[in-house]
Amino acid sequence: MQDQIQNTALITGASSGIGYELALLMAEQNFNLVLVARSKAKLSDLKIKIEAKYSVKVTILNLDLSEENSPGILFAKLQDMGIVITHLINNAGVGELSPFMNSDWDKLSQMINLNMKSLTHLCHLFIPELKKAKSSYILNVSSIAAFMPGPNMAVYYATKAYVQSFSEALAEELNATSVKVIALCPGPTISGFQDAASISTESPLFQGVPSSLDVAQYAMKLLKCGQRVGVHGLKNKLLVFSVRFLPRIILTKAVIKLQSARLSSKN
């Protein structure tokens, strides 16, 4: 395996939450980093923090990956800079807690572009480069939402179902190559996601919810073992296992009951 200092990880959505914590953990493991997010100020602060503590190179790129041409722009910039990516971490994603008919279409469109289209495009752009490395990984951040329908977050749940199916299929296609594909499936996690999705973390529903660091540490374990699907937390593992045996109508009604409670706390 190539020396770790030669490894370079591209992390999207790196300015907060799981992406932020992954950046710190991967720097600790001597990965050079390319960090991408919309907030240039937060990325700059993170770059300073990492380079003050670790002997790695951090490149930051201020991009909105929900915009149509942004994956291609990102890839071209890295090509121009001579930066070779060995680990692709597709972490960027957004959600919205709202009944579908009340949702703003522009927000839904951005969600679809970011959660699905951008992730898929980045994989398509970088796989030829990843295959040249002795060992490389694609980590796509999915969710336990991928395993069930999600009334009141219908589009978000559907995008994660796509990410899950796509990741598992891609893992099999690339099975004979040096590229390993992993779907990380966290449950509710304390991060910047809740603010963006208009979900209150003050609700009792968020008691005992893991931190972004907890999930990021689990993701690092997945990278070491190369497991294709990783569901974080025992409760989430039991939930994902149990949904296989529940009638879909009962499962859907259980989810809308939970999401209705979240809507009440939001209002």
When the charge dipole of the stretch 1-110 is computed with +1 on Lys and Arg Cβ and -1 on Asp and Glu Cβ about the Cα centre, the Cα farthest towards its positive end, among LEU97, LEU10, LEU46, belongs to LEU46
Cα-based helix-to-principal-axis angle, 40-53 vs the chain, degrees rounded to 10: 60
Towards the positive end of the charge dipole of the chain, with charges on Cβ (+1 Lys, Arg; -1 Asp, Glu), say which of CYS185, VAL56, ILE85 has the farthest Cα. CYS185
Could you work out the relative contact order of the chain? I mean the mean sequence separation of Cα pairs under 8 Å and 6+ apart, divided by the number of residues, in percent. 19
Taking Cα centroids, how far is the stretch 92-111 from the stretch 130-181 in Å? 21
Applied in sequence order to the stretch 156-172, the curve 6.51 cos²θ - 1.76 cosθ + 1.60 (Karplus, θ = phi - 60°) yields integer Hz couplings, x standing for Gly and Pro, of 4, 4, 5, 5, 6, 4, 4, 4, 5, 4, 4, 5, 5, 5, 5, 4, 6
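Can you tell me the relative contact order of the stretch 56-197? Whole percent, Cα pairs under 8 Å, sequence separation 6 or more. Intermediate values should be presented prior to the final figure.
Numbers: 200 pairs, mean separation 39.5, N = 142.
Across the stretch 56-197, relative contact order equals 28 percent.
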Of the listed values [x] 50, 40, 34; [y] 54, 43, 35; [z] 61, 44, 39, identify the label whose number matches Cα extents along the principal axes in Å calculated from this model. [x]
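Divide, for the stretch 18-139, the radius of gyration over alpha carbons by 2.2 N^0.38 Å, where N is the residue count.
This ratio for the stretch 18-139 stands at 1.13.
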How much length is gained on full extension from GLU173 to ALA261, taking 0.36 nm per residue of separation minus their Cα-Cα distance? 27.6 nm
Answer in debye to the nearest 20: the dipole magnitude of the chain about its Cα centre, from +1 Lys/Arg and -1 Asp/Glu charges placed on Cβ, is 600
Put a dot 7 Å past each Cα toward the Cβ at SER39 and LYS57; how far apart are the dots in nm? 2.7
Cleavage-rule hits, trypsin sites (Lys or Arg not before Pro), the stretch 204-248, DSSP coil, Cβ neighbours within 10 Å at most 12: ARG244
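Expressed in nm to one decimal, what extension gain is obtained for the pair ASN69 and ILE249 from 0.36 nm per residue of sequence separation less their Cα-Cα distance?
Values: separation 180, 0.36 × 180 = 64.80 nm, distance 3.89 nm.
Residue separation times 0.36 nm, minus the Cα-Cα distance, leaves 60.9 nm.
Laboratory data are not the source of any read-out in this text; all were calculated from the coordinates shown. Please read all numbers here as calculations on a predicted model, not as lab measurements. Neighbour counts run over all protein chains shown; Cβ positions are idealised from the backbone, glycine included.
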